Amino acid sequence: MKKSALHTLLIGCLFLPLVANAQKSKERPNILFCIADDASMKSFGAYGDTFIHTPSIDSLAKEGVVFNNAYNGNPKCSPARACILTGKYSWQLKEAADHNGRFPSEFKTYPQLLANEGYNVGFSGKGWGPGVYDTADNPAGPEYNSIKITPPYENISNIDYAANFGAFLNEKGEEKPFCFWLGAKEPHRAYELDSWKKAGRELKEAVVPPFYPDNDIVRGDLLDYANEVEWYDTQVGRAIQILREKGLLENTMIVVTSDHGMPFPRVKGQIYEEGFHIPLIFYWKGKIYPGRTVNDFVSFSDLAPTFMEVVGALPHRQMTGGSLIKQLLSPKSGQIDPSRDHVLLGKERHDVGRSNEDGTDLAYPVRAIRNDSLLYVHNIKPKRWPVGNPEYGFLNCDGSPTKTYLTDLKPGDKEYFFFEMNFDKRPEHELYNIQEDPHCINNLADLPEYAVQIKKLRTQMETELIAQGDPRTLGNGDIFDNYIYYGKRLDYKTGERISPLNYVKQDE
């Protein structure tokens, strides 16, 4: 072989890995992660809804895979979103396990990690929050919120999420793959009162859960909520169209979800089925067999390791969830991994308004386990008010016409049991047969015939929580009460709200 030929061959061999890496970079999928703020799983047509219209998201479901047993780990905005970003379970999040806390800078997030892998990252709307963070950018990535829109109803955000996504793509170009967080602020409250009339709806359309009275106030509130869920769907549809027009849809994984259930009593922030059971839909053309459903139990903590594996990177060692690649790429529907037969759930301090005689804001700690048939809930401090103290306005429940109607009920009123169901104190142990009682109305925990099942479920739950280092189960749960709350809190002497800045100064 001539020297020049040998030299050419050696140079070619040296460059082969670079060519392969460049090819890998071009083939790596984009990720568009779409998350609603306070939308229940049952509010989407893909999950059987009949009065809220979500054609864009439903079309993704038909061409992708629908997870029937997806759970958020903690049914409140900032802890649920922290689970997504870190791949950790709620009780492993330190300050971020509380609502309106501080996001620990020691935690690596998948947007940060993907940026290190050469991805362009960004977010529009609501990223991680509410709370404070020490990094330059929101944990969800750099912010793209400059483009505004005139929304159809009052109190809908004027941020044009889809247009900002398009601006992100235009700014970053197509040399690198992207990972973008489209975080709608809807259907978070407040709503334009009676916007359902402007939308041409009728009260008879609403489907009222059995834990509310069926009246015009509740029906109107549900229809106002429906308008905002549909706005989220519109934004997702516009983002899909942008991808299509730019020729990026073929190589983009789209994920659609919501952080927790609707902002109504007994749902948002509560360990009941509609609060923590969330929608989760994946679309990935050419990779996911279309029209599939998966029954494996999955959690928000599984998303970050999934995204890492999708792009060809190893999950960070801090991530404790497990990748869903097996579930995504399987040609089958139903149960894919038999070991995914349950999920753990929990909550600590959500919003303030619960105190002891010293005026300290306290958590309402709960741990729960949900399998295919049963939900077992351990209310660890049952003497505390689960939705906040009544004298402070039940602050772990957003203000709404439905809340006002329920809290105005008085003992002796015919419908007072609705108040008790939504706001009253709860027993230490709750057990629900989900197949027969999906709304968690009939607590079976006091029935002797379920004692063995409760013991078995609690042992399984606590064994896993101990292995995961849960401070609450290990006897150090009061740490969650002592983390700073960075939202507005109550001055228990005057009853006034104290700004976050004043509160921080007082504690520092």
Hits in region 87-103 - residues which are under 16 Å from the mean Cα position of the chain (by Cα) and in a helix (DSSP H, G or I)
Ser90, Trp91, Ala96, Ala97
One residue from Ile31, Ile35, Ile57 being at pLDDT 95 or above, open to solvent by less than 90 Å² (accessible area, probe 1.4 Å), of a type in the set (A, V, I, L, M, F, W, C) and in contact with a Lys or Arg (Cβ under 9 Å, 6 or more places away or on another chain)
Ile35
Failed condition for Asp437, given (1) in a loop (DSSP other than H, G, I, E, B); (2) open to solvent by less than 30 Å² (accessible area, probe 1.4 Å); (3) closer than 17 Å to Ala368 by Cα; (4) in contact (Cβ under 8 Å) with a residue 24 or more places away in the chain:
(4)
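Among residues belonging to region 459-482 that are more than 16 Å from Ala96 (Cβ to Cβ) and of a type in the set (A, V, I, L, M, F, W, C), point out the one that is surrounded by the most Cβ atoms within 10 Å (Cβ to Cβ).
Selected residue: Met461.
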Screening Ser78, Ser90, Ser56 for residues that are over 25 Å from Val132 (Cβ atoms) and either of a type in the set (Gly, Ala, Ser) or in contact with a Phe, Trp or Tyr (Cβ under 7 Å, 6 or more places away or on another chain) (or both) leaves only Ser56
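Return the residues of region 199-221 that are assigned to a loop (DSSP other than H, G, I, E, B), within 25 Å of the chain's Cα centre (by Cα), within 14 Å of Asn422 (Cβ to Cβ) and not β-branched (Val, Ile, Thr); say none if nothing qualifies. Please lay out each step first, then the result.
Taking region 199-221 and keeping what is assigned to a loop (DSSP other than H, G, I, E, B), we get 199-202, 206-215.
Then drop every residue that is not within 25 Å of the chain's Cα centre (by Cα), which leaves 206-212.
Those still in the list that are within 14 Å of Asn422 (Cβ to Cβ) too: 208-212.
Pro209, Pro210, Phe211, Tyr212, listed by residue number.
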Could you look through region 136-166, keep only residues that are within 21 Å of the chain's Cα centre (by Cα) and in a strand (DSSP E or B), and pick out the one that is nearest to Lys197 (Cα to Cα)?
Ile159
So Arg354 clears everything in (1) in contact with a Phe, Trp or Tyr (Cβ under 8 Å, 6 or more places away or on another chain); (2) without any contact (Cβ under 8 Å) to a residue 40 or more places away in the chain; (3) among the charged types (D, E, K, R) except one condition, right? Which one?
(2)
In the set Ser124, Ser90, the lone residue that is crowded, with 24+ Cβ neighbours inside 10 Å and under 24 Å from Ser157 (Cβ atoms) is Ser124
Taking Ala190, is it open to solvent by 30 Å² or more (accessible area, probe 1.4 Å) and among the hydrophobic types (A, V, I, L, M, F, W, C)?
yes
Looking at (1) over 21 Å from Pro386 (Cα atoms); (2) part of a loop (DSSP other than H, G, I, E, B); (3) open to solvent by less than 30 Å² (accessible area, probe 1.4 Å); (4) not acidic (Asp, Glu), which one does Gly412 not meet, given that it meets all the others?
(3)
The lone condition Trp196 fails out of (1) assigned to a helix (DSSP H, G or I); (2) open to solvent by less than 10 Å² (accessible area, probe 1.4 Å); (3) not basic (Lys, Arg) is (2)
Unique match (being assigned to a loop (DSSP other than H, G, I, E, B), modelled with pLDDT under 90, out of contact with any Ser or Thr (no Cβ under 8 Å at 6 or more places or on another chain) and on the phi > 0 side of the Ramachandran plot) among Gly495, Gly475
Gly495
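With over 26 Å from Gly129 (Cβ atoms), hydroxyl-bearing (Ser, Thr, Tyr) and either touching a helix residue (DSSP H, G or I) at 6+ places or on another chain (Cβ under 7 Å) or outside any helix (DSSP H, G or I) (or both) as the only criterion, which of Tyr376, Tyr364 stands out?
Details: Tyr364 fails: over 26 Å from Gly129 (Cβ atoms).
Step by step, each of Tyr376, Tyr364 is checked, and only Tyr376 is over 26 Å from Gly129 (Cβ atoms), hydroxyl-bearing (Ser, Thr, Tyr) and either touching a helix residue (DSSP H, G or I) at 6+ places or on another chain (Cβ under 7 Å) or outside any helix (DSSP H, G or I) (or both).
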Output for region 125-135, where each listed residue is in contact (Cβ under 8 Å) with a residue 40 or more places away in the chain, assigned to a loop (DSSP other than H, G, I, E, B) and out of contact with any Pro (no Cβ under 6 Å at 6 or more places or on another chain)
Lys126, Gly127, Gly129, Pro130, Gly131
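The values are calculated or read from the model by the stated rules, or taken from the named source; none is laboratory data. Only a predicted model underlies this, so the values are computations on that prediction, with no experimental measurement involved. Using ideal geometry, Cβ is built from the backbone for each residue, glycine included, and neighbour counts are taken over all protein chains shown. Protein only, heavy atoms only, side chains kept; ligands, DNA and RNA dropped before computing areas. Shrake-Rupley method; radii C 1.70, N 1.55, O 1.52, S 1.80 Å.
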